[in-house]
Amino acid sequence: MKQALFYQKKSGNNVQCDLCPRNCTISPDKTGVCNVRKNIDGKLYSLVYEKPCSVSIDPIEKKPLYHFLPGSKALSIGTIGCNFFCKGCQNFDIARAKSEEHQFKTVSCQEVVQIARQKNCPIIAYTYNEPTVFYEYMLDTVKLAKEQGIKNIAVSNGYINEAPLRELCKVLDGVNIDLKSFSTAFYKEYTKGSIEPVKRTIKILKEEGIYFEITNLLIPGLNDDLVEFENMCKWIATLSKDTVLHISRFFPFYRAKDIAPTPEKTIDQAARIARKHLNYVYVGNMGREQHTLCPACAKIVVERGLLGVKVIMENGKCSCGKEIPGIWN
């Protein structure tokens, strides 16, 4: 265990966790809603520090990040715990797990960096569960990885308070934010959270100059209203028309097994709407090739196919001279 960052002591040996917008008040020997931050004798501790439940290698495109070192391998790590309660969570077995139910091998921050170097991974990804809940493990690993020239990205729901986010922004290289909907009601019902802190996170990432892409999972009957979807795209465009948006197809899972997969027609309609407002829109979970096209001349600048990923430009610029936003080197 490691003593947590971002908390304050309260009366009666209680503590308040200030890491995410839930701001849990935690009594002695109890955890917050994430199940992995525990009050022990009036101090808050992380129960998952250096205790990943998964360490594996993924293509960066799987995160998904399409404009971040395309074709690269990312050493991906995750623990248990989450601060959301999504009904269709694909990783519910770790997201809603409790630490006493699992025994994990310790993998130190230094070992994570060593593995990345040994496996020739230029990126470490903090993913699988919500990385905010293993903040200390992520932060310490990022700092060590940066010293070795390894880039670091987080795949997050964006539900984090401003102070810890800005601290993380000092060292993080990229983020994929899962913007689950543009509806306050959806967030309240589906995640038991709220949308405004997520929007604030995205704005802070933009302000801090952190490269980010956004994913939106369209779920039939819950967040697939195309007027609402277009409002989301318009809002994203106010940050930048060059913001990358991934539109993903939903498949039944966990407590949402009674919901049918998203019709491909809906995804295609959403993509057409998104492309009216944004320059880089990709569709996921549909088995299609997803090339990156130059918005100025429509040439393929990143080719993604069965044979892999090929970057067809130099120094982040199309042959026509148009600069393509992203992390290319």
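The values are calculated or read from the model by the stated rules, or taken from the named source; none is laboratory data. Predicted model only: the values in this text are computed from it and were never measured. So basically every Cβ, Gly included, is an ideal-geometry build from the backbone, and we count neighbours across all protein chains shown.
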Original post:
Does Thr191 count as buried (at least 16 other Cβ atoms within 10 Å of the Cβ), touching a helix residue (DSSP H, G or I) at 6+ places or on another chain (Cβ under 8 Å) and either modelled with pLDDT under 95 or polar (S, T, N, Q) (or both)?
Top reply: no
Original post:
Within the stretch 94-110, can you find the residues that are crowded, with 17+ Cβ neighbours inside 10 Å and not charged (D, E, K, R)?
Top reply: Ile94, Ala95, Ala97, Ser99, Val107, Cys109
Original post:
Among strands (runs of 3 or more DSSP E) lying entirely in the stretch 1-45, which contain 2 or more residues that are basic (Lys, Arg), without any contact (Cβ under 8 Å) to a residue 12 or more places away in the chain and crowded, with 18+ Cβ neighbours inside 10 Å?
Top reply: none
Original post:
What do you reckon, is Leu179 free of Cβ contacts under 8 Å to residues at least 40 places away in the same chain and in the same structural domain as Gln90 (by TED's automatic domain parsing)?
Top reply: no
Original post:
farther than 27 Å from Phe251 by Cβ and without any contact (Cβ under 8 Å) to a residue 40 or more places away in the chain - does that describe any residue in the stretch 124-134?
Top reply: no
**OP:** Identify, by number, the condition in (1) touching a helix residue (DSSP H, G or I) at 6+ places or on another chain (Cβ under 9 Å); (2) assigned to a strand (DSSP E or B); (3) farther than 22 Å from Asn23 by Cβ that Leu217 doesn't meet.
**Re:** (1)
Original post:
Filtering the stretch 309-329 down to residues that are assigned to a strand (DSSP E or B) and touching a residue at least 12 places away in the same chain (Cβ under 8 Å), which residue is surrounded by the fewest Cβ atoms within 10 Å (Cβ to Cβ)?
Top reply: Lys310
Subject >> Output for the stretch 249-278, where each listed residue is among the small types (Gly, Ala, Ser) and either free of Cβ contacts under 8 Å to residues at least 60 places away in the same chain or not assigned by TED's automatic domain parsing to the domain that holds Ile236 (or both) >> reply: Ala260, Ala270, Ala271, Ala274
Subject >> The listed residue being among the small types (Gly, Ala, Ser), more than 18 Å from Cys86 (Cβ to Cβ), surrounded by 20 or more Cβ atoms within 10 Å (Cβ to Cβ) and in the same structural domain as Thr79 (by TED's automatic domain parsing), out of Ala163, Ala154, Ala145 >> reply: Ala145
Original post:
Taking the stretch 257-308, which residues are touching a Lys or Arg at 6+ places or on another chain (Cβ under 9 Å), part of a helix (DSSP H, G or I) and not β-branched (Val, Ile, Thr)?
Top reply: Glu264
